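Read through the structure below, which is laid out as structure tokens, and then see the notes.
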Amino acid sequence: MKTTSLKYRTWYKGVPPKPIKLEIPGWAGSSMGHDDGDKPQPWHCVPFIDGSTYGLELVYPFDTECHIVNENGEMKVLGDFTEEQKDVTKISPNTALPPFMQFAPGHYGFTSSIDIKTEEGHVIRVEPHPRFYADQTDTVPLPVPGHIGGDFWPRIFFVVFKLPYSGRRHIFRKGEPYAQILILPNKVDYEIKEMSEGEIREREFQESELARIGSTHIASHSWVDHKGNNFDDKYKIIKKLHAKGGMDAVREVYQGAKTKELNVIKENERLRVKKQKKMPKKLIKPSCPFKKDKDK
């Protein structure tokens, strides 16, 4: 696995970026339940886990809790920074709090209190923190995606947010993450082609096998949630096999699942025959529609 390097400097109480970890209980789910009758949790979804823990998180560093409210399209800052302003003035006499400002309709900015230097040819991509997608309160800040040239831009950067809907608010609390960043190449060339006939056949075969026997012969754990919906871990199983052995291992699991299915069919037939042999012959003797009726 390739290591991505970055360096940072902070201003005031700025917090260095850190790997994102799932919070349970918290934004990633309310419990560790994963069995019949349990409610689905964000952490149950492997693609969501992988996407949520891929980047680094930015954390609100100020002591003062702050609410950003939309009043008729204008940003209103609710939070008393009087005491914190005294500390900031000692190190930056010309800096005024709060650390928010509205500079465009429907959007506002906030200082990250961090400067990040990337490797040459890389950018800092800012995105919403994964807790935004799991939030049910509509108070988690919504950063606007953006690329910052960390290899050449030397300033403490600011993050742009979409203003909450009218009458609603974004809440910033000390220690809570408000965005995530990814360090990516500044240029990507995509080559987009249609699959070959062989690739299409293989993918369609795997897709049909997943639907047919994925839950019964590939998954190792399945459960029914509180509303009767079925869930299983076949994606997780195949992902692990692919990580260890590539597509050859994936093809083997489909072949193995098919073998399991055939073995189950054979065993069921063996048990049926065995049960039939134990039954009285008069109960299993087949009737013949061509047998002469003795009464005629």
**Prompt:** Applying the selection to the stretch 37-78, what residues are more than 27 Å from the chain's Cα centre (by Cα) and on the phi > 0 side of the Ramachandran plot?
**Reply:** N72, G73
**Fill in**
Within the stretch 242-263, the residues that are without any contact (Cβ under 8 Å) to a residue 40 or more places away in the chain and among the small types (G, A, S) are A243, G245, G246, A249, G256
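Residue by residue, here is whether (1) assigned to a strand (DSSP E or B); (2) touching a residue at least 60 places away in the same chain (Cβ under 8 Å) holds:
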{"position": "F110", "(1), (2)": "yes, yes"}
{"position": "V123", "(1), (2)": "yes, yes"}
{"position": "H129", "(1), (2)": "no, yes"}
{"position": "F132", "(1), (2)": "no, no"}
{"position": "T137", "(1), (2)": "no, no"}
{"position": "H147", "(1), (2)": "yes, no"}
**Message:** Restricting to the stretch 221-242, give me the number of residues that are of a type in the set (A, V, I, L, M, F, W, C) and outside any helix (DSSP H, G or I).
**Reply:** 3
**Request:** Note down all Cβ pairs under 6 Å where the first residue falls in the stretch 202-220 and is in a helix (DSSP H, G or I), the second is among the polar types (S, T, N, Q), and they're at least six residues apart or on different chains.
**Result:** S215/S222
**Item:** Test: residue in the stretch 15-36 that is out of contact with any Phe, Trp or Tyr (no Cβ under 8 Å at 6 or more places or on another chain) and on the phi > 0 side of the Ramachandran plot
**Value:** yes
**Enumeration of residues in the stretch 54-97 that are part of a strand (DSSP E or B), in contact with a Leu (Cβ under 8 Å, 6 or more places away or on another chain) and either of a type in the set (S, T, N, Q) or free of Cβ contacts under 8 Å to residues at least 60 places away in the same chain (or both)** = N70
**Asked** In this structure, is V264 of a type in the set (A, V, I, L, M, F, W, C), over 30 Å from W43 (Cβ atoms) and surrounded by 13 or more Cβ atoms within 10 Å (Cβ to Cβ)?
**Response** yes
**Request:** Return only the number of the condition from (1) modelled with pLDDT of 95 or more; (2) over 24 Å from the mean Cα position of the chain (by Cα) that R212 does not satisfy.
**Result:** (1)
**Message:** Take the conditions assigned to a strand (DSSP E or B), at pLDDT below 95 and not small (G, A, S) and apply them to F103. Does it pass?
**Reply:** yes
**Request:** Please go through the stretch 112-121 and pick out each residue that is acidic (D, E) and either touching an Asp or Glu at 6+ places or on another chain (Cβ under 6 Å) or part of a strand (DSSP E or B) (or both).
**Result:** D115, E120
**Among residues of the stretch 211-229, those that are in contact with a helix residue (DSSP H, G or I) (Cβ under 7 Å, 6 or more places away or on another chain) and not small (G, A, S), counted** = 3
**Criterion violated by V188 - all others in (1) more than 21 Å from W11 (Cα to Cα); (2) at pLDDT 95 or above; (3) surrounded by fewer than 17 Cβ atoms within 10 Å (Cβ to Cβ) satisfied** = (2)
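The values are calculated or read from the model by the stated rules, or taken from the named source; none is laboratory data. In this text the structure is predicted, and so the values were computed from the model without any measurement. Positions of Cβ are generated from backbone atoms using ideal geometry, with glycine treated the same way; all protein chains shown enter the neighbour counts.
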